[in-house]
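Everything below concerns the one structure shown next.
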Amino acid sequence: MDSTEQSGSSNIGGLMTPVRPRAYGVPVIFKRKQQAADLAAVMSELEQAVAARDGARTERAFNAAMGGLQSATGTECVPVGPRLAALLPAFPATGPRPMLATMAGFCVERGADPAACAEPILDGTYQDLLDALEFARRWAAAGAAGDELPEADEKIIDDALMARLGGEVQEALRLALAWCSIEQWQPSALAVLCRSTEVRRRHASALLPACRDLEALKRHDLKCLAYALAILDDEPLVVLHRPTRTGFEVRIGGIGDNFQLHTLLAHVLVGGGHVPGTAPSAESVRLATDPEPAEGRTEAVATGAFELLAPDGERIWNEGLPDDIPVVEGRRLLVLDEPMYPRTWNADRFFPMLPGTAELTRVLSADEVQSWFTYTCRTS
């Protein structure tokens, strides 16, 4: 197997999320059986309580809304999602904003418009990413060389931590809570990112650097969020097949990782009769492209057809992303070579809710192929 990771999905408050990186637990509020509630009335009460800045009333209405969602139908959730998301900016930074976002994301899973919910959810995610990075900066500035960052757990928050962060108490608390709760934003962010190309185009580029910077500190598991933010949509790709000295323009979109890209390139190029090899199975192609959400993990296996290489000859890992492919002269340039050894992997896609696409748009002329090969480390 090229990777021991398995794809599929787990349920986070009703949110379908990837499980290659880790499995998440379902918040307790979504496990309990709840009595039926008039969700529209509950939402009105929550909105009024927030507008009145009445903490006790807001807490009661918030709990009622969580209970109401448990028993709500998909039809009832559709109008509620944007209303829940719209409340996020009004919630205090030290309040239960990640859980409110999870509730909105749950509604998106049930059919609410992801574009209508996205901005407050992703703005909140972005702010907490920045606050978590500021927490790390202050922690490092106030400590000794080599002093490790703390784990992301609210049990670390005490008077000594607040003093170390410095500044006003409320600001320090906000930074500490962001450090501890940033992963809780991930399910709702994935709910909107994986359901809308428009949302990804509008928001992903701003969030991705901050997400990667925080993940690089190795205290948070943000792989799923980073992968979703790095998804390429309607992206032209120049593909050179070194053994046959042929080249192609392929347009890709919605591909969660290079396992999925590898399968789709083999389907288009080998399955289309353009290069020799064994085409992927119909089932592995279906799992990569089916518009219907994937449900659970399958035992389907995909087989590697190529070695994926950057123009400089470095490997493009199946575990990586299409975004890893270098840009040359305004186009991502990928070189395919004979596989170094046989490899297989689980054919399930990384993001169950997101079908991938790969379309052959043009076969390159011999002169074009030769021109593109001049940018590679080997021209023959």
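The values are calculated or read from the model by the stated rules, or taken from the named source; none is laboratory data. Bear in mind the structure is a predicted one, so any value in this text is a computation, not a measurement. Don't worry about glycine lacking a Cβ; one is built from the backbone with ideal geometry, like all the others, and counts go over all protein chains shown. What goes into the accessible areas is simple: the full protein's heavy atoms, side chains included, and nothing from ligands, DNA or RNA. Shrake-Rupley method; radii C 1.70, N 1.55, O 1.52, S 1.80 Å.
Any residue at all in the stretch 326-342 that is closer than 20 Å to residue 280 by Cα and under 21 Å from the mean Cα position of the chain (by Cα)?
Step one: list which residues in the stretch 326-342 are closer than 20 Å to residue 280 by Cα, which gives 334-342.
When the remaining residues are screened for being under 21 Å from the mean Cα position of the chain (by Cα), the result is none.
Scanning the stretch 326-342 turns up no residue that is closer than 20 Å to residue 280 by Cα and under 21 Å from the mean Cα position of the chain (by Cα).
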With criteria (1) farther than 21 Å from residue 327 by Cβ; (2) in contact with a helix residue (DSSP H, G or I) (Cβ under 8 Å, 6 or more places away or on another chain); (3) open to solvent by less than 50 Å² (accessible area, probe 1.4 Å), residue 296 comes up short on (2)
The conditions are (1) of a type in the set (A, V, I, L, M, F, W, C); (2) in contact with a helix residue (DSSP H, G or I) (Cβ under 9 Å, 6 or more places away or on another chain); (3) surrounded by fewer than 16 Cβ atoms within 10 Å (Cβ to Cβ); (4) not in a helix (DSSP H, G or I), and residue 163 fails exactly one of them. Which is it? (4)
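Of these, 112, 145, which one is at pLDDT 95 or above, more than 21 Å from residue 207 (Cα to Cα), out of contact with any Ser or Thr (no Cβ under 6 Å at 6 or more places or on another chain) and not in a helix (DSSP H, G or I)?
Working: 145 fails: at pLDDT 95 or above.
Going through 112, 145 in turn, the sole match is 112.
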Return the total of residues in the stretch 219-248 being open to solvent by 30 Å² or more (accessible area, probe 1.4 Å), touching a residue at least 40 places away in the same chain (Cβ under 8 Å) and closer than 20 Å to residue 377 by Cα. 3
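Please verify whether residue 76 is touching a strand residue (DSSP E or B) at 6+ places or on another chain (Cβ under 9 Å) and open to solvent by 30 Å² or more (accessible area, probe 1.4 Å), treating the condition exactly as stated. Let's see the steps before the verdict.
Values: touching a strand residue (DSSP E or B) at 6+ places or on another chain (Cβ under 9 Å): no; open to solvent by 30 Å² or more (accessible area, probe 1.4 Å): yes.
The answer is no for residue 76.
Determine whether residue 176 is part of a helix (DSSP H, G or I), in contact with a strand residue (DSSP E or B) (Cβ under 6 Å, 6 or more places away or on another chain), touching a residue at least 40 places away in the same chain (Cβ under 8 Å) and open to solvent by less than 10 Å² (accessible area, probe 1.4 Å). Give the steps one after another, and end with the answer.
Details: part of a helix (DSSP H, G or I): yes; in contact with a strand residue (DSSP E or B) (Cβ under 6 Å, 6 or more places away or on another chain): no; touching a residue at least 40 places away in the same chain (Cβ under 8 Å): yes; open to solvent by less than 10 Å² (accessible area, probe 1.4 Å): yes.
So residue 176 does not fit the description; no.
Going through the stretch 79-109 one residue at a time, which ones are assigned to a loop (DSSP other than H, G, I, E, B) and either surrounded by 24 or more Cβ atoms within 10 Å (Cβ to Cβ) or aliphatic (A, V, I, L, M) (or both)? Before you say what the answer is, go through the steps one by one.
Filtering the stretch 79-109 for residues assigned to a loop (DSSP other than H, G, I, E, B) gives 87, 91-96.
87, 93 - these are the residues of the stretch 79-109 that are assigned to a loop (DSSP other than H, G, I, E, B) and either surrounded by 24 or more Cβ atoms within 10 Å (Cβ to Cβ) or aliphatic (A, V, I, L, M) (or both).
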Can you say whether residue 240 is at pLDDT 95 or above and under 22 Å from residue 371 (Cβ atoms), as far as the supplied structure shows? yes
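Specify which of the listed residues (364, 336) is at pLDDT 95 or above, in contact with an Asp or Glu (Cβ under 8 Å, 6 or more places away or on another chain) and open to solvent by 10 Å² or more (accessible area, probe 1.4 Å). Reasoning before the result, please.
On the way: 336 fails: open to solvent by 10 Å² or more (accessible area, probe 1.4 Å).
Only one candidate passes the filter, namely 364.
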